[in-house]
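Here's the structure we're looking at; comments come further down.
The values are calculated or read from the model by the stated rules, or taken from the named source; none is laboratory data. Note that this is a predicted model, so its numbers are computed, not measured. FYI the Cβ positions are ideal-geometry reconstructions off the backbone, even for glycines, and counts take in every protein chain you see.
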Amino acid sequence: MLISTILSQRTKDNNTRKASDNLFREYDSIEELAEADTDTVAALIRPAGFPQQKAKAIVECCKILKDHHDSKVPEDTRTLLTLPMVGRKTAACVQAYAMGIPAVCVDTHVHRISNLIGLVNTKDPAGTEMELMRITPKERWIDINKYFVRHGQTVCLPNHPRCGKCSVRSMCDHSEMIIRKGTVFHNSLAR
């Protein structure tokens, strides 16, 4: 899960799947990846984008896990954050989806939509994470990412929102007017 989450950074889900499938077809353990050639890994994960950067981080990450953590992914946030290319979102996703530890995974969709519908008024994903943790029951934290990402990918698209199809448009700051390329369109024209 950790490796796939690193691969998922700044790419689409289908690209992550392709890259993960390619990588795990060749390497099936942390130990193998810790010894892998970075260029070989980069070629396998190319569909995810930024292959050299991600390959270097993955190999280094696996070396650290092998040498310092008995080839196990640590559970605590502080330790996860010391790993290459692991930020708050990646750490939270690993905790929530791989370990079942309550965590709020804040990506661009969660941050943007939470602010648009007035759940939070924050400037960055870290602030959004803290505020969502404060206002959401802990047992629902894992659901936030799942639902907001789906909504952001299918309805509340960043450049072409489909406000007419939005189930939470009554809460949204942008439900009355949509701004596209410097022109204001009334909500009824939204797809």
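Answer yes if at least one residue in the range 166-174 is at pLDDT below 95, surrounded by 15 or more Cβ atoms within 10 Å (Cβ to Cβ) and in a helix (DSSP H, G or I), and no otherwise. Yes, because at least one residue in the range 166-174 is at pLDDT below 95, surrounded by 15 or more Cβ atoms within 10 Å (Cβ to Cβ) and in a helix (DSSP H, G or I). Within the range 132-165, the residues that satisfy the criterion of being exposed (fewer than 12 other Cβ atoms within 10 Å of the Cβ), in a helix (DSSP H, G or I) and touching a residue at least 24 places away in the same chain (Cβ under 8 Å) are 138, 139. Screening residue 108 against (1) within 19 Å of residue 10 (Cα to Cα); (2) surrounded by 15 or more Cβ atoms within 10 Å (Cβ to Cβ); (3) among the polar types (S, T, N, Q) leaves a single unmet condition, (2). Give the range 52-73 a look and list any residue that's surrounded by 13 or more Cβ atoms within 10 Å (Cβ to Cβ) and on the phi > 0 side of the Ramachandran plot, or say none. Answer for the range 52-73, where residues must be surrounded by 13 or more Cβ atoms within 10 Å (Cβ to Cβ) and on the phi > 0 side of the Ramachandran plot: just 71.
Looking across the range 21-40, just one residue is under 21 Å from the mean Cα position of the chain (by Cα) and either on the phi > 0 side of the Ramachandran plot or surrounded by 19 or more Cβ atoms within 10 Å (Cβ to Cβ) (or both), and that is 23. Restricting attention to the range 111-131, the residues that are out of contact with any helix residue (DSSP H, G or I) (no Cβ under 8 Å at 6 or more places or on another chain) and either touching a residue at least 24 places away in the same chain (Cβ under 8 Å) or not assigned by TED's automatic domain parsing to the domain that holds residue 159 (or both) total 1. Restricting the search to helices (runs of 4 or more DSSP H) fully inside the range 1-110 and requiring at least 1 residues that are modelled with pLDDT under 95 and not assigned by TED's automatic domain parsing to the domain that holds residue 146 gives 13-26.
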